[in-house]
Amino acid sequence: MLTSLAEAAPRERPAYRSFRAQVARVERLSPHFTSITFTGDELGEFGTAGLDQRVKVVLPLPEIGFAAFPEVDDWYPAWRELPQELRNPFRTYTVRAVRPDAREVDIVFVGHGDGGPASAWAAHAAPGDELVLIGPDELSAGRTSGIDWRPGEVETYVLAGDETAAPAIASILGALPDDASGVALIEVPSIDDRLEIRAPAGVEVRWLARDAHHTHGERLVPAVRDWVVRHLAARGLARATDEERAAMALAAAEHDDVPDAPLWDVPEGHSLDGDCYAWLAGEASAITTLRRFLVREAGLDRRQVAFMGYWRLGRAELD
Ligand SMILES: Cc1cc2nc3c(=O)[nH]c(=O)nc-3n(C[C@H](O)[C@H](O)[C@H](O)COP(=O)(O)OP(=O)(O)OC[C@H]3O[C@@H](n4cnc5c(N)ncnc54)[C@H](O)[C@@H]3O)c2cc1C
């Protein structure tokens, strides 16, 4: 009897694991966005939790592909043990869509030239190319880990990010209730990079093109400031007391003063219920500027805001 119960118990599975995949389709959505659909026998078990769930894209090495990649549950320590020349590069991306019945996963890559291995790989990707995804396992109890969108019960959603955050923003908007209200401000390289995305009628979606005239964050930062001042600060939505605000401003200042501090500050559990929840992701210095503004000047409670530096200008992801 005991034996059969033990046999029936599901085996403990890690939240994330490696999935072998091949490129099924490549769709050039706009000058800087490419959607790549991956397929593979194991992708029927790829996690479907969506929102801003992150994954790792492991890229092939010249000549040997994935021959040296440790496909074990605890792959990272094993990867680190490898000599440098045998370590497959990997980068962080967002799952844009999952279709378990078709065993397919979509990821939207931003093209920024051949300066990074992931951008270069996506620029030349073609059906049949192989890749390894480190992603959530639908059969694991931890299948929703890697999601940072955790609003409480709120009235107003503020989403802001650059092109690297556009796939996450699109997935989040698609999952909001029909009566949601707020704004999504998305900075993109060019006016032709506006994508068709579904959003509730009460959420304004604004695409901000840098074109040739602006650097990263130059359109996004003033747009967020302007929106917050007009819609939130005017309604007195800052919830912290003066004392809490001073302590949070000090903590933010200390954090910002540490050179190269990773910019990742997401409320634990779920955020504060109430008036608003802000989710901001993109180039780290633009996000740092927004963090200073929201926490130090506008007085938003840190428990109302998720700040995520998705990448850093002039730095490769693993530097
Ligand atoms: C949680 C999370 C989710 C993400 N989701 C997505 C996603 O869905 N789609 C997506 O495209 N990106 C996404 N990113 C960002 C992506 O991981 C980085 O842009 C990454 O650096 C790309 O790797 P790479 O090999 O092309 O360049 P790296 O080798 O990492 O960098 C090489 C050089 O390129 C610069 N660089 C990196 N990214 C850009 C860029 N977008 N524009 C201009 N210069 C750049 C770096 O500053 C560096 O100088 C996400 C990041 C995180 C942390």
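The values are calculated or read from the model by the stated rules, or taken from the named source; none is laboratory data. Because the structure is a prediction, the values reported are computed rather than measured. FYI the Cβ positions are ideal-geometry reconstructions off the backbone, even for glycines, and counts take in every protein chain you see. Note: areas computed on protein heavy atoms with side chains; ligands, DNA, RNA excluded. Shrake-Rupley method; radii C 1.70, N 1.55, O 1.52, S 1.80 Å.
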Legend entry - Qualifying position, being open to solvent by 30 Å² or more (accessible area, probe 1.4 Å) and closer than 26 Å to LEU195 by Cα, among ALA123, ALA141, ALA67, ALA78: ALA123
Inset, instruction - Pairs only if they're at least six apart or on different chains, beta carbon under 8 angstrom, first in segment 105-116 and open to solvent by less than 20 Å² (accessible area, probe 1.4 Å), second near the ligand (Cβ under 8 Å from one of its atoms) and in a loop (DSSP other than H, G, I, E, B); list them, first residue then second. - result: GLY116/ALA316; GLY116/GLU317
Inset, instruction - Return a yes/no flag: does segment 199-215 have any residue that is at positive phi and either in contact with a strand residue (DSSP E or B) (Cβ under 8 Å, 6 or more places away or on another chain) or open to solvent by less than 20 Å² (accessible area, probe 1.4 Å) (or both). - result: no
Legend entry - All positions within segment 153-170 that are more than 22 Å from LEU208 (Cβ to Cβ) and in contact with a Phe, Trp or Tyr (Cβ under 7 Å, 6 or more places away or on another chain): VAL154
Inset, instruction - Note down all Cβ pairs under 6 Å where the first residue falls in segment 50-61 and is at pLDDT 95 or above, the second is in a strand (DSSP E or B) and more than 11 Å from the ligand (Cβ to nearest atom), and they're at least six residues apart or on different chains. - result: VAL55/LEU133; VAL55/GLY135; LYS56/ILE134; VAL58/VAL132
Legend entry - Flag if ARG20 is open to solvent by 60 Å² or more (accessible area, probe 1.4 Å), outside any loop (DSSP other than H, G, I, E, B), more than 14 Å from the ligand (Cβ to nearest atom) and at pLDDT 95 or above: yes
Inset, instruction - Filter segment 147-165 for residues that are touching a helix residue (DSSP H, G or I) at 6+ places or on another chain (Cβ under 8 Å) and in a helix (DSSP H, G or I) and give the result. - result: GLU163
Legend entry - Hits in segment 272-285 (condition: over 15 Å from GLU163 (Cβ atoms) and within 16 Å of the ligand (Cβ to nearest atom)): TRP279, SER285
Inset, instruction - Considering only segment 147-179, state which residues are away from the ligand (no atom under 15 Å from the Cβ) and touching a Ser or Thr at 6+ places or on another chain (Cβ under 9 Å). - result: PRO151, GLY152, VAL154, GLU155, THR156, TYR157
Inset, instruction - Search segment 159-174 for residues that are open to solvent by 10 Å² or more (accessible area, probe 1.4 Å) and pair each with any residue that is polar (S, T, N, Q) and assigned to a helix (DSSP H, G or I) when their beta-carbon atoms are under 8 Å apart and the residues are at least 6 apart or on different chains. - result: none
Inset, instruction - Would you please name the residue that is most open to solvent (accessible area, probe 1.4 Å), looking only at residues in segment 39-64 that are within 13 Å of the ligand (Cβ to nearest atom) and assigned to a strand (DSSP E or B)? - result: ARG54
Legend entry - Wholly enclosed strands (runs of 3 or more DSSP E) of segment 88-146 bearing at least 2 residues under 15 Å from PHE38 (Cα atoms), near the ligand (Cβ under 9 Å from one of its atoms) and modelled with pLDDT of 95 or more: 90-99, 104-110
Legend entry - Any hit, segment 175-188, residues being within 27 Å of HIS231 (Cβ to Cβ), free of Cβ contacts under 8 Å to residues at least 60 places away in the same chain, open to solvent by 10 Å² or more (accessible area, probe 1.4 Å) and under 18 Å from the mean Cα position of the chain (by Cα): yes
Legend entry - Within segment 286-319, tally of residues that are away from the ligand (no atom under 11 Å from the Cβ), touching a residue at least 24 places away in the same chain (Cβ under 8 Å) and either more than 16 Å from the chain's Cα centre (by Cα) or assigned by TED's automatic domain parsing to the domain that holds ARG87 (or both): 16
Inset, instruction - Name, by its number, the condition in (1) under 21 Å from VAL108 (Cβ atoms); (2) in contact with a strand residue (DSSP E or B) (Cβ under 7 Å, 6 or more places away or on another chain); (3) modelled with pLDDT of 95 or more that does not hold for PHE66. - result: (1)
